[in-house]
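Undergrad: Pasting in a structure now, in structure tokens, and then I'll have a few things to ask.
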Amino acid sequence: MTPLLEVRGVSKRFGGLLAVSNVSFNLNRGEILGLIGPNGAGKTTLFNVVNGVYGQIEEGSISFDGHDITGISPHKVVHLGLARTHQIVQPLNDMSVLDNVTVGACFGREYLSLSAARAVARQVLEQVGMESRASLVARSLTIAGKKRLEVARALAANPKLLLLDEVLAGLNPTEIAQMIELVRSIRDRGVSVFMIEHLMQAVMNLSDRIVVLSFGQKLAEGPPEKVARDPLVIEAYLGDPNIAERLMEKN
Amino acid sequence: MILRRPSFWLILIVSASFIYLPLRGQNVPLREDLILVAVAIILASNLNLMIGYTGYVNFGHIVFYGLGGYIGLYLTTVRGWNLVLAALTAGVAVSFLALLFGLGILRLRGAYFALATIGVLQAVQAFVMNFDPWGRSTGMYLSFTSYQPWGGATRALWIDYYLIIGIMALSLILSLGIKISKFGLGLFAIRENEDAAAVLGVNTTLFKAIIYSVSAFLPAVAGALMFFKNGMIDPFVAFEFMLSLEGIVMLMLGGQGSVTGAALGAGMYEWLRSFLLTSPKLSDFQLVIAGGLLLVVVLFAPGGLIGWVYRLVPRSRGVIE
């Protein structure tokens with residue numbers, strides 16, 4: 001079977017800064033792929049390149065589910081079935097939680113009618129455990145709530161692939177445990193996941209494979225235990241040679 | 001379904017009373033008062049589609065009204081067209097023009113977009129002031145014969161009034177219809193966060209261009225009808241910047257983003273203005289008071305009258321549209 005997402009030799013430049021440099025990797029159907037790397041490595045930039053936020057890129061090509069999506073606009077990427085969340089949450093502040101998720105369902109892969117989208121939105125809110133907050137205004141949610149809302153909105157689009165940009169950052173241990181469960185349940189429903197995460201324990205346990213970026217370049221790629229033992233990755237990011245054993249311990 | 005919305009029936013009732021009240025006893029002064037209120041409601045509620053729904057402040061909204069007036073008057077007087085056909089043609093032509101302008105200036109956001117809309121207004125005014133077929137700076141006058149097909153001036157003015165009330169009702173129904181539609185949901189998403197809306201799948205460029213064009217249609221038709229009633233047009237009354245600003249004040253006053261808010265704001269502002277203008281002591285201070293009022297609203301009730309009601313009674317959000 002062909003990979004769901006194929007990134008080939010992608011580079012993105014901001015003036016003199018080469019933020020992403022000649023990165024290639026595949027994401028297989030049904031897998032959770034982790035993306036890790038030091039701050040400023042270009043992880044979010046890579047997400048933005050994949051979902052079309054920057055428009056045309058300098059080099060490389062991206063194909064998703066058999067379509068060439070290089071340089072096409074974000075709304076078209078969603079219609080093909082690739083949804084994402086934002087690292088810095090972007091709620092539609094003055095709208096209710098339900099309306100936020102309804103937007104995702106309305107303009108997502110299936111481009112549902114308003115009433116069908118409402119029904120889907122209610123289901124998704126239940127799935128992420130937010131049904132009791134449906135009628136609240138989005139601005140009144142806590143950070144954890146807003147992160148959940150980001151995931152719910154993206155899920156409502158009924159994507160084949162979900163890009164999660166640091167959904168665990170800023171959450172407390174209980175919230176983290178809930179979010180990890182949520183990501184697992186999403187994958188169990190057949191949605192592939194590509195996630196940026198700094199919380200090593202979580203990303204090591206969740207991911208089937210991991211891609212490591214550093215200064216815009218791909219440093220390593222492979223199963224979590226292999227990546228955690230890679231000397232280059234330890235030097236650039238993890239810092240501690242014995243970290244692999246500790247990280248792989250299940251909590 | 002729009003028919004199940006109480007607001008829809010309220011719009012019909014208000015519009016019907018606008019027709020009934022002056023008709024009883026052929027009350028022409030009342031009709032002239034109400035026609036100004038109706039035009040204010042038309043302008044404010046269509047402006048609301050841009051400012052309140054989409055979050056794009058249009059300072060040059062009056063350009064649609066003025067251009068509609070010019071095209072309408074030109075077609076009825078010079079070309080001898082029927083008024084209704086001329087007004088509809090004006091609406092279609094101005095909408096098309098707005099679509100072209102929109103595709104250009106809607107690439108800008110925030111203050112830059114607002115500045116560009118002032119630019120459009122000034123450019124169109126300058127063009128019309130130098131456009132021979134439309135009488136340059138002196139403008140155009142309606143020939144009296146244009147009233148003949150309607151059975152004389154008196155009757156023509158009444159019919160014109162009903163048409164304007166009809167456009168007012170259509171404006172409010174359009175606002176309501178968009179508000180409860182999928183298209184409206186996309187616009188609200190753009191207003192709240194345009195980048196997030198795009199990432200959620202809203203085709204922002206297309207949506208903005210469509211709403212800019214739609215918000216031009218009924219004001220242009222109203223302009224054609226209104227200047228037919230006034231009997232004359234020139235570039236200064238047609239493209240009066242002040243009137244554009246007043247439209248924004250009406251929205252702030254009533255509550256942007258709300259159909260009821262736009263209508264109430266327009267009504268209140270028009271009422272206040274006529275009161276101030278006719279009051280011997282206050283007439284010189286009309287704009288000073290309007291400016292002060294705007295300041296108070298922005299500082300203490302940023303959501304306008306409706307926003308204030310929403311805050312007092314949160315459950316009213318679902319009822320008052």
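Undergrad: Quick one: A:Gly129 ticks every box in (1) away from chain B (no Cβ under 14 Å); (2) of a type in the set (Gly, Ala, Ser); (3) assigned to a helix (DSSP H, G or I) bar one, so which box is it?
TA: Tallying (1) away from chain B (no Cβ under 14 Å); (2) of a type in the set (Gly, Ala, Ser); (3) assigned to a helix (DSSP H, G or I), A:Gly129 fails exactly one: (3).
Undergrad: From the set of residues in the range A:84-121 that are outside any loop (DSSP other than H, G, I, E, B) and of a type in the set (Val, Ile, Thr), which is nearest to the other protein chains (Cβ to nearest Cβ)? Before you say what the answer is, go through the steps one by one.
TA: Of all residues in the range A:84-121, those outside any loop (DSSP other than H, G, I, E, B) come to A:84, A:96-106, A:114-121.
If we keep only those that are of a type in the set (Val, Ile, Thr) as well, we get A:97, A:101-103, A:120.
On the way: A:Val97: 13, A:Val101: 10, A:Thr102: 7, A:Val103: 5, A:Val120: 13 Å.
The qualifying residue nearest to the other protein chains (Cβ to nearest Cβ) is A:Val103.
Undergrad: Kindly check whether there is at least one residue in the range A:67-77 that is surrounded by fewer than 19 Cβ atoms within 10 Å (Cβ to Cβ) and in a helix (DSSP H, G or I).
TA: yes
Undergrad: Contact list please: Cβ distance under 9 Å, first residue in the range A:8-22 and at positive phi, second residue hydroxyl-bearing (Ser, Thr, Tyr), pairs at least six apart or on different chains.
TA: A:Gly9/A:Ser24; A:Gly9/A:Ser61; A:Asn22/A:Ser11
This table checks each residue for (1) free of Cβ contacts under 8 Å to residues at least 24 places away in the same chain; (2) in contact with a Gly (Cβ under 8 Å, 6 or more places away or on another chain); (3) within 23 Å of B:Gly60 (Cβ to Cβ).
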site: B:Leu97; (1), (2), (3): no, no, yes
site: B:Gly102; (1), (2), (3): no, no, yes
site: B:Leu108; (1), (2), (3): yes, no, yes
site: B:Gly119; (1), (2), (3): no, yes, yes
site: B:Val124; (1), (2), (3): no, yes, yes
site: B:Asp132; (1), (2), (3): yes, no, no
site: B:Ser175; (1), (2), (3): no, no, yes
site: B:Ile178; (1), (2), (3): no, yes, yes
site: B:Gly186; (1), (2), (3): yes, no, no
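Undergrad: Quickly run through the range A:184-197 and pick out the residues that are farther than 15 Å from A:Thr85 by Cβ, in a loop (DSSP other than H, G, I, E, B) and touching a residue at least 24 places away in the same chain (Cβ under 8 Å).
TA: Correct list: A:Gly190 only.
Undergrad: While we're looking at this one, here's another question. Scan (1) more than 14 Å from chain B (Cβ to nearest Cβ); (2) on the phi > 0 side of the Ramachandran plot; (3) touching a Gly at 6+ places or on another chain (Cβ under 9 Å) for the single condition A:Ile196 breaks and write down its number.
TA: It fails just one condition, (2).
Undergrad: Moving to a separate point now. Could you identify the single residue in A:Glu150, A:Glu181, A:Glu175 that is surrounded by 20 or more Cβ atoms within 10 Å (Cβ to Cβ) and in a helix (DSSP H, G or I)?
TA: Answer to the check: A:Glu150.
Undergrad: Is it true that A:Gly81 is at positive phi, within 12 Å of another protein chain (Cβ to nearest Cβ), touching a Pro at 6+ places or on another chain (Cβ under 9 Å) and surrounded by fewer than 24 Cβ atoms within 10 Å (Cβ to Cβ)?
TA: yes
Undergrad: State whether the residues of the range B:218-236 include one that is among the small types (Gly, Ala, Ser) and surrounded by fewer than 17 Cβ atoms within 10 Å (Cβ to Cβ).
TA: Checked against the condition, which is being among the small types (Gly, Ala, Ser) and surrounded by fewer than 17 Cβ atoms within 10 Å (Cβ to Cβ), the range B:218-236 yields no hits at all.
Undergrad: Next question, about the same structure. Looking only at the range B:183-192, count every residue that is surrounded by fewer than 20 Cβ atoms within 10 Å (Cβ to Cβ) and facing another protein chain (nearest Cβ under 7 Å) and tell me the total.
TA: Matching residues across the range B:183-192 total 0.
Undergrad: Taking the range B:160-182, which residues are assigned to a helix (DSSP H, G or I) and within 14 Å of another protein chain (Cβ to nearest Cβ)?
TA: Answer for the range B:160-182, where residues must be assigned to a helix (DSSP H, G or I) and within 14 Å of another protein chain (Cβ to nearest Cβ): B:Gly177, B:Ile178, B:Lys179, B:Lys182.
Undergrad: Could you go through the range A:25-44 and let me know if any residue there is in a helix (DSSP H, G or I) and touching a residue at least 60 places away in the same chain (Cβ under 8 Å).
TA: Yes, the range A:25-44 contains a residue that is in a helix (DSSP H, G or I) and touching a residue at least 60 places away in the same chain (Cβ under 8 Å).
Undergrad: Kindly state which helices (runs of 4 or more DSSP H) lie completely within the range B:193-281 and contain at least 1 residues that are more than 14 Å from chain A (Cβ to nearest Cβ) and small (Gly, Ala, Ser).
TA: Because the criterion is at least 1 residues that are more than 14 Å from chain A (Cβ to nearest Cβ) and small (Gly, Ala, Ser), the helices (runs of 4 or more DSSP H) in the range B:193-281 that meet it are B:204-230, B:235-238, B:241-254, B:259-278.
Undergrad: Touching a Ser or Thr at 6+ places or on another chain (Cβ under 7 Å), surrounded by 21 or more Cβ atoms within 10 Å (Cβ to Cβ), farther than 30 Å from B:Arg311 by Cα and in contact (Cβ under 8 Å) with a residue 12 or more places away in the chain: is that true of A:Leu155 in this structure?
TA: no
We did not get these values from a lab; they are worked out from the coordinates using the rules stated. Being a predicted model, the structure only gives us computed values, none of them experimental. All Cβ positions, glycine included, derive from the backbone under ideal geometry; neighbour counts span all protein chains shown.
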